[in-house]
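The values are calculated or read from the model by the stated rules, or taken from the named source; none is laboratory data. Not measured: the values here are computed from a predicted model. Here Cβ is always computed from backbone atoms with ideal geometry, including for glycine, and neighbour counts include all displayed protein chains. The protein model used for the area step is the full one, side chains on, heavy atoms only, and it has no ligands, DNA or RNA in it. Shrake-Rupley method; radii C 1.70, N 1.55, O 1.52, S 1.80 Å.
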Amino acid sequence: MKHFNLIKADFRRIFRGKALYILLAVSFGYIALMTVIFSLIRLLEGDSETYYAFAQTGFPLFLFMMGPGIVMAIAVSIFVGSDYSYNTFRNKITAGNSREKIYFSALTLSLAIGAIFFVVFYAMIILGARIAFGGFFFHENTGWVFLLFVPIYVAMISIMVFVSMNIKSNAGGIVINIAIVYGLTFISLMVSMVLGMLNPVAAEAILMIFPHSIREFLHSNMATLSGRNVGLAIGISFFYIIAATVGGIALFRRKAIK
Amino acid sequence: MEKILETFDLTKTYGTQNAVDGVSMTVNKGDIYGFVGLNGSGKTTLIRLITQLVRPTSGTFKLFGEEFKQSFFQSVDAEKRISSMVETPSIYLNMSAVDNLKVQCTIANIPIADNPERLLKLVGLDPTSKKKANSFSLGMRQRLGIAMALVVEPKLMLLDEPTNGLDPEGIIEIRNLLLHLNKEMGITILISSHILTELSKFATCYGFIHKGKLLKEASAQEVFDSCKTVISVECLNAQLLVSKLEKDFPVQLNGASVEVQGNDQTMSQILQVANDNKIVITNINKQEHGLEDYFINLIKSVDTNDTI
């Protein structure tokens, strides 16, 4: 178990701290609030067509504003960045841990936290949707979409770890990581629009690698979940994972620790 | 004497500036090595180089007689462990002292057992306290930082300004703790500081660094021997006093006053000579030139040579 000492130490401090529980409570509170608001609208409006149109755009839109990606961006920046703010990276280095090991430990910790938020957030969304609308209003292939989210989130967290391990400012890390969540979505939409004219399959795949694309929530067109573009989306995710991790380690190895 | 740390032409360059410039130094087993330099002279950078927080531009160093290996920082070989506290203590401020030490034990692969409680008692902190480190005073944080460094039971500790910002009581406590670690636990200590009067109370040898260059290494005895006590005497017949004293003391006439190098007994001897020869003394005072003067003179001579 010697090689897992850092991961063990990181988990010990995360679970001892308050930040994780505060972020979980905020996530829970936000979705609960959305559920209450939409339930009230339904109560007032009834099962009208206007209501359903509103629910199908409004609910996803609010989820998009603070999806698990945003919470993950904050969590990763806080937990990884705390080693900079407390200057505790040097404890790890002078205790004989290589910088690669420190990086992988931070990545493992971030993925584990990402998994916690992923499960909690989507479980609450599904539950919230059941309460507010009487059921999760997406399509029959939603399960597959969620599975596809796994490599996508791993890619996103890998990029966030890359940022947090190489930016000393905690606040800066949070801002950049949130910008990445929104920025990549925007860029992907742009790239997808351009690519769409040349290669529709690649365009769909690029669009799919960003789970915050409102489109995923708004449309139930499962034609996009074809084998080719799912494969391409996974491939692009793995490219991000490898590029971010290799690049992140290379930069962190050269970094002067205060 | 067993060499614990040797650096060979160690250099760290930032841009065009040499923060550490070809430093070759030696720390022997059992030393309390006082690393003396002005702010920005390269003390911290050198410690950071040895602890691998930054990489050297050139040069090497040996620890325990061997080329540097990452394992020196690990708990594998009990005889070859080192630890450090660089500038401010690295502690999780949102955790208690015990939790900080538990995390550090895990990071260093040391069984937790009763280690945290034992180390906290050793550094004089309450092991039962649940207080978070963010409510600690600076002195308590420094002591916790030292406890963190002691987790691996090091044979060499590198401490960068451990008394910085402490009140006099805190300084004395840290000094006594370091003396205990050195004398009772056999830990060799390299300590950097610019509070030279404090350092001179317990360092066994010194390394003087200025503008990134190691100017000199000397034992505490050598420094002590070089530090002069000068007694300045003003009297009515200075010439006569000089002639009477010059047989026994290094003496010189400086304007109207006679300057005599000596020690604590010299003053009474001068008074005796003056009395025997009926020389009327109008003023007499003693100036002690300690480590501070030694260091200032050393850097002045270097700066003067640089200017020339």
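Sub-8 Å Cβ pairs linking a first residue in the range B:208-226 that is touching a residue at least 24 places away in the same chain (Cβ under 8 Å) and among the hydrophobic types (A, V, I, L, M, F, W, C) to a second residue that is assigned to a helix (DSSP H, G or I) and open to solvent by 20 Å² or more (accessible area, probe 1.4 Å), at least 6 apart or interchain, are B:Phe208/B:Leu298; B:Leu215/B:Leu298; B:Leu215/B:Val302; B:Val223/B:Tyr294, ordered by first then second residue. Take the range B:55-73 and flag every residue that is at pLDDT below 85 and open to solvent by less than 70 Å² (accessible area, probe 1.4 Å). B:Gly65, B:Glu66, B:Phe68, B:Gln70, B:Ser71, B:Phe72, B:Phe73, listed by residue number. Test each condition in (1) more than 10 Å from chain A (Cβ to nearest Cβ); (2) modelled with pLDDT of 85 or more for B:Pro89 and report the one that comes out false. Of everything listed in (1) more than 10 Å from chain A (Cβ to nearest Cβ); (2) modelled with pLDDT of 85 or more, B:Pro89 misses just condition (1).
The residue of the range B:31-54 that is surrounded by the most Cβ atoms within 10 Å (Cβ to Cβ), among those that are touching a strand residue (DSSP E or B) at 6+ places or on another chain (Cβ under 9 Å) and more than 15 Å from B:Leu159 (Cα to Cα), is B:Ser41.
Flag not set for B:Lys130, criterion: open to solvent by 20 Å² or more (accessible area, probe 1.4 Å), within 16 Å of B:Phe295 (Cβ to Cβ) and touching a strand residue (DSSP E or B) at 6+ places or on another chain (Cβ under 6 Å). Only one of the listed residues (A:Ala233, A:Ala223, A:Ala205, A:Ala171) is modelled with pLDDT of 80 or more and either assigned to a helix (DSSP H, G or I) or within 14 Å of chain B (Cβ to nearest Cβ) (or both). That residue is A:Ala171. When residues in the range B:94-105 are screened for being more than 15 Å from A:Phe15 (Cα to Cα) and within 9 Å of chain A (Cβ to nearest Cβ), 2 of them pass.
Of all residues in the range A:91-109, those being facing chain B (nearest Cβ under 7 Å), outside any loop (DSSP other than H, G, I, E, B) and open to solvent by 10 Å² or more (accessible area, probe 1.4 Å) number 2. Listed here are the helices (runs of 4 or more DSSP H) enclosed by the range B:197-278 that have at least 3 residues being out of contact with any helix residue (DSSP H, G or I) (no Cβ under 8 Å at 6 or more places or on another chain) and closer than 20 Å to B:Ile299 by Cβ: B:220-226. For the range B:16-30, a tally of residues being open to solvent by less than 50 Å² (accessible area, probe 1.4 Å) and of a type outside the set (Gly, Ala, Ser) returns 7. One residue alone among B:Ser192, B:Ser243 is over 23 Å from B:Asp21 (Cα atoms) and not basic (Lys, Arg), and that residue is B:Ser243. Check B:Asn109 against each of (1) in contact with a strand residue (DSSP E or B) (Cβ under 9 Å, 6 or more places away or on another chain); (2) open to solvent by 10 Å² or more (accessible area, probe 1.4 Å); (3) at the interface with another protein chain (Cβ under 10 Å from one of its Cβ atoms) and name the one condition it does not meet. The failed condition is (1). Whenever a residue of the range A:19-32 is in contact (Cβ under 8 Å) with a residue 12 or more places away in the chain, its partners that are open to solvent by 40 Å² or more (accessible area, probe 1.4 Å) and assigned to a helix (DSSP H, G or I), lying with C-beta atoms within less than 6 angstrom and at least six residues away or across chains, give the pairs A:Ala19/A:Ile78. Checking A:Phe15, A:Phe28 one by one, the residue that is within 14 Å of chain B (Cβ to nearest Cβ), closer than 22 Å to A:Met160 by Cβ, open to solvent by 40 Å² or more (accessible area, probe 1.4 Å) and modelled with pLDDT under 90 is A:Phe15 and no other.
Considering every residue within the range B:112-127, establish whether at least one is out of contact with any Leu (no Cβ under 9 Å at 6 or more places or on another chain) and open to solvent by less than 10 Å² (accessible area, probe 1.4 Å). Checked against the condition, which is being out of contact with any Leu (no Cβ under 9 Å at 6 or more places or on another chain) and open to solvent by less than 10 Å² (accessible area, probe 1.4 Å), the range B:112-127 yields no hits at all. Does A:Leu147 meet the test of being over 29 Å from A:Val36 (Cα atoms), in a helix (DSSP H, G or I) and either at pLDDT 85 or above or not charged (D, E, K, R) (or both)? No. For the range B:18-62, how many residues are more than 14 Å from every other protein chain (Cβ to nearest Cβ) and not charged (D, E, K, R)? Residues flagged as more than 14 Å from every other protein chain (Cβ to nearest Cβ) and not charged (D, E, K, R) within the range B:18-62 amount to 24. All told, B:Glu217 falls short of being among the acidic types (Asp, Glu), open to solvent by 60 Å² or more (accessible area, probe 1.4 Å) and more than 27 Å from B:Lys12 (Cβ to Cβ). Of all residues in the range B:154-196, which are under 9 Å from the mean Cα position of the chain (by Cα), part of a loop (DSSP other than H, G, I, E, B) and surrounded by 19 or more Cβ atoms within 10 Å (Cβ to Cβ)? B:Glu161, the sole residue that qualifies. For the residues B:Phe224, B:Phe295, B:Phe202, the requirement of being of a type in the set (Phe, Trp, Tyr), closer than 30 Å to B:Phe8 by Cα and open to solvent by 80 Å² or more (accessible area, probe 1.4 Å) singles out B:Phe224.
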